[in-house]
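Presented below is the structure to which this report refers.
The values are calculated or read from the model by the stated rules, or taken from the named source; none is laboratory data. No experiment lies behind these values; they were computed from the predicted model shown. Every residue, glycine as well, gets a Cβ built from its backbone with ideal geometry; the counts of neighbours run over all protein chains shown. Heavy atoms of the whole protein, side chains included, go into the accessibility calculation; ligands, DNA and RNA do not. Shrake-Rupley method; radii C 1.70, N 1.55, O 1.52, S 1.80 Å.
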Amino acid sequence: MHDQLLLQESKGEDGIKKEEMGISHSREDVQARQLEARMESQEVAGGCCSLYWRRWQELCTATPAPAKTCFSRFTAKIQLVGELSLSVSYFIFLRGFEAMEAYKKWVRRNKDYVHSLESLANGLTWLLPERFSASEIGPEAVTAILGIVTAINEHIIDTTPTQMLADPVKPDSFPYSLCISAIKDLETLVEVAAQHYYGDDKKWNFIAVTEATKVLVRLALFRNSGYKMLLHGGETPNIEKHLGFSSSQHNGGGFGENARMGSDPVWLRGVQHKQAIMEPPPQMIERPSLSMILSEKGVQGALFLMGEVLFITRPLIYVLLIRKYGIRSWIPWFLSLAVDTIGAGFLTQVTKSRDYHLTASEQDELKRRKLLWALYLMRDPFFSKYTRQRLQSTEKLLEPVPIIGLLTAKIVELVVGAQTRYTYMSGS
């Protein structure tokens, strides 16, 4: 027994020394520790259940007692049930956490296979029966679930530890991108369900709530990211370093530091390398604040902020105008176009300035936003008065052609059906 204790102490000391020296444990050691932890949790859970069962039997089989003792026994039973519920909840949470970690590892190892399955499933949803019909809740629910699963998988892949360490900026504690993607996947289901149960007029109340939620989350992301441009409405993290706010304190000591390390002895370099592995980075890159942008960039910074805020709030403004004037009115259409035009004008003015440099991703985002203006052709009342007639005339023109005529008819059917849904043509 004494020899076993000494052996355990020596193993413990070796493990501590390994951790102090920065040497990672072998794969067999890690797997053995995980197995021991699982067995220990199972033993603890089983022991707790046995203990609770014995206590319950003791309380139920006890001899009759006065009223005061019966009340105490009843209170003890309630307390026992509460403790058992907490233990079961903890056990379920532990198993769910282990299952989620295993799922994360599988997704990260097979990300190409996961992407292929997601693309195939999302493509097949357009062929579901009763799509764009009165009873569309079922197909839209399937589409929403697939979209949320896709967003979760993308979030798992994007938060791979090796990729997170490459970003010098402090990571977000709240998954804003995942939240925005989930809301966008659910908004069509909300619109269809609201139209089915409350009618065409009252459905805009639910759509307005959905758009307001997206505005709040995007504004929070805009602030938390250091007032960077939102890429794809916030679904894609903007992790590129902005040249306008790069500080010399993060890269100013490059040459001198390398020259000093070149004169250090070999043994000192090894010690410094181990310290660099064990110790965290000394500081994270500070995100620009609102006052910093306004003070350093002046008018150009203010124009950028106003342009981005207009782009974020434009869908909510459009929905609120539709609630007031109706979908057939030209007022929401023209005012929404005006907001987009003013916001894009502000951002275009910023790009012409030499003091404000956009990254490659932000320049691509500006091009994508300009392409979204084509959706105004698909929104009422413009669609009902002009676009629909063009589509119908094209369908009649190509109808005699054997294969092209069928494809054209199917495309026109899908376009006209998608146009009836606000969320498909909102561009938000």
- Take the residues of segment 313-348 that are within 24 Å of Lys184 (Cα to Cα) and not in a helix (DSSP H, G or I): which is farthest from the chain's Cα centre (by Cα)? Gly326
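Mind checking which residues of segment 381-420 are assigned to a loop (DSSP other than H, G, I, E, B) and modelled with pLDDT of 90 or more? Give the derivation first.
Quick first cut of segment 381-420, residues assigned to a loop (DSSP other than H, G, I, E, B) only: 381, 399-401, 420.
Once the filter is applied, which keeps residues that are assigned to a loop (DSSP other than H, G, I, E, B) and modelled with pLDDT of 90 or more, segment 381-420 yields only Pro381.
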- Run Thr387 past the list (1) out of contact with any Leu (no Cβ under 7 Å at 6 or more places or on another chain); (2) polar (S, T, N, Q); (3) closer than 30 Å to Gly417 by Cα and report the number of the one that doesn't hold. (1)
- Residue count, segment 211-231, condition over 15 Å from the mean Cα position of the chain (by Cα), open to solvent by less than 20 Å² (accessible area, probe 1.4 Å) and over 18 Å from Gly343 (Cα atoms), comes to 2
- Looking at segment 152-174, is at least one residue surrounded by fewer than 16 Cβ atoms within 10 Å (Cβ to Cβ), assigned to a helix (DSSP H, G or I), in contact with an Asp or Glu (Cβ under 9 Å, 6 or more places away or on another chain) and at pLDDT below 80? yes
- Note on the structure: Given the conditions (1) open to solvent by less than 30 Å² (accessible area, probe 1.4 Å); (2) modelled with pLDDT under 90; (3) at negative phi; (4) under 31 Å from the mean Cα position of the chain (by Cα), every one holds for Gly234 apart from (3)
- Task: Considering (1) without any contact (Cβ under 8 Å) to a residue 24 or more places away in the chain; (2) surrounded by 14 or more Cβ atoms within 10 Å (Cβ to Cβ); (3) under 27 Å from His232 (Cα atoms), say which one Ile331 fails and leave the rest.
- Result: (2)
- Residues (within 19 Å of Glu308 (Cα to Cα), surrounded by 13 or more Cβ atoms within 10 Å (Cβ to Cβ) and small (Gly, Ala, Ser)) located in segment 354-405: Ser361
- Enumerate the pairs (first residue in segment 173-193 and farther than 20 Å from Ser225 by Cα; second residue anywhere and of a type in the set (D, E, K, R) and open to solvent by 30 Å² or more (accessible area, probe 1.4 Å)) with beta-carbon separation below 9 Å, excluding pairs fewer than 6 apart on the same chain, so at least 6 apart or on different chains. Lys184/Glu235
